[in-house]
Amino acid sequence: MFKQLKDYYNYIENDDRLSVDLNLSKQLIALRDNYNQTAYKKKCSFELFYNDFRFEKGKLKPELTYSDGRQYPNVELFDDDFEYIISRAEKTTNPKHKAQYNHLIWESKFKHNKYCKNAISNYLLFLKKIKTSEKNNIENKRIAIIYENLFILSQTINYKKTDTIDFFIFNLIL
């Protein structure tokens, strides 16, 4: 359980799991509800939205789509013009989350090649860093999704295409 936002930031810095932490949303909601200051509540909400997004085939995939077409989460929820997410993308050193923060910005109205390049570089770093069991199908599926996102982004802006393909071929041989 997070007692302060810095506890969450420490968690993010040390998070190298492939699986999604299903308790993270509950913990962020509890943390948000414990704060009285609006600024901290908003930061917790932004992190909640960030953690509820998924990326598939290089694109944002909201957690929920309602019958009327509305989606949750959506980029409009970041009503600070992505200032907070941009600052998190700069401050975090964890390649998994640095890639995802930058990928989220790339998918917003602030689409700029530097965010895509940062996402690509950090997806590659994260994939090189992780170790997984050959028999763990859930982890292998997550690796495939991350690699697919990496591959599509690298092809989209023509950045680190060879590195991405070489990494894939090297891991196929192992």
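The values are calculated or read from the model by the stated rules, or taken from the named source; none is laboratory data. Fair warning: this is a prediction, and the values are worked out from it, not measured in the lab. Note: ideal-geometry Cβ built from the backbone for every residue, glycine included; neighbour counts use all protein chains shown.
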Among the candidates Ser19, Ser45, residue that is polar (S, T, N, Q) and modelled with pLDDT under 95 | Ser19
Does Tyr101 fit the bill of being crowded, with 21+ Cβ neighbours inside 10 Å, of a type in the set (Phe, Trp, Tyr) and at pLDDT 95 or above?
-> yes
Which of the residues that make up segment 10-33 are surrounded by 13 or more Cβ atoms within 10 Å (Cβ to Cβ), free of Cβ contacts under 8 Å to residues at least 60 places away in the same chain and not hydrophobic (A, V, I, L, M, F, W, C)?
-> Tyr11, Ser25, Gln27, Arg32
Those residues that are small (Gly, Ala, Ser) and loosely packed, with under 14 Cβ neighbours inside 10 Å, I need them from segment 128-167; list them, please.
-> Ser133, Ala144
Kindly state which helices (runs of 4 or more DSSP H) lie completely within segment 89-174 and contain at least 1 residues that are small (Gly, Ala, Ser) and either within 27 Å of Lys6 (Cα to Cα) or in contact with an Asp or Glu (Cβ under 6 Å, 6 or more places away or on another chain) (or both).
-> 95-106, 113-129
Meets criteria (out of contact with any Gly (no Cβ under 9 Å at 6 or more places or on another chain) and either in contact (Cβ under 8 Å) with a residue 12 or more places away in the chain or under 17 Å from Ser87 (Cβ atoms) (or both)) for Asn36 | no
What tally of residues in segment 73-98 results from selecting those that are within 18 Å of Val20 (Cα to Cα) and modelled with pLDDT of 95 or more?
-> 5
